[in-house]
Amino acid sequence: PIVIKPRWGMGSIGIFIAEDEEELDLFTKKIRKQIFNSYLKYESSQNIEECILFQEKIDGIEYGLDVFNDFSSNLVSVVAKQKIAMRAGETDKAISFANEELFEQVEKFVTENGFTGQIDIDIFEKDFQFR
């Protein structure tokens, strides 16, 4: 299964799960219409070819990371939470935790990619590996 969603979306607006190629084509057309008939058209019009994301649907434990970097891409802090309940695409209930191995991976990721300021990262744990 493939998750199809707006690149610059929020909540659960315009998210579909395609189980086969026919659904993939149908949902791609549908989400494009939804994007350009909503406020998402402003961000999406900057790069129409990349306004839709296609991602593997991963079943596993979902985590949300609030990552704080300085303006030189150095990691300052990570607040990690395991998502327990979701509503309309937003975390409704979560528990915080610390995991040094995960934090080291996050530090490498933000440093190598030059992220500055605050970023939000969602990850899944599948077969005891973070993806």
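The values are calculated or read from the model by the stated rules, or taken from the named source; none is laboratory data. Keep in mind that this is a model prediction, so the values were computed, not measured. Don't worry about glycine lacking a Cβ; one is built from the backbone with ideal geometry, like all the others, and counts go over all protein chains shown. Ligands, DNA and RNA are excluded from the accessible area calculation, which covers all protein heavy atoms including side chains. Shrake-Rupley method; radii C 1.70, N 1.55, O 1.52, S 1.80 Å.
Let me confirm something: among 25, 20, 70, 66, which residue is closer than 23 Å to residue 84 by Cβ and of a type in the set (Asp, Glu)?
66
Here is a list: 84, 61, 119. Which entry is under 17 Å from the mean Cα position of the chain (by Cα) and free of Cβ contacts under 8 Å to residues at least 12 places away in the same chain?
Testing whether each residue is under 17 Å from the mean Cα position of the chain (by Cα) and free of Cβ contacts under 8 Å to residues at least 12 places away in the same chain leaves just 84.
Given the options 125, 107, name the one that is surrounded by 14 or more Cβ atoms within 10 Å (Cβ to Cβ) and touching an Asp or Glu at 6+ places or on another chain (Cβ under 9 Å).
The match here is 125.
Go through (1) farther than 25 Å from residue 3 by Cα; (2) open to solvent by less than 40 Å² (accessible area, probe 1.4 Å) and name the single condition residue 96 misses.
(2)
What is the one condition in (1) surrounded by 14 or more Cβ atoms within 10 Å (Cβ to Cβ); (2) over 19 Å from residue 10 (Cβ atoms) that residue 40 does not satisfy?
(2)
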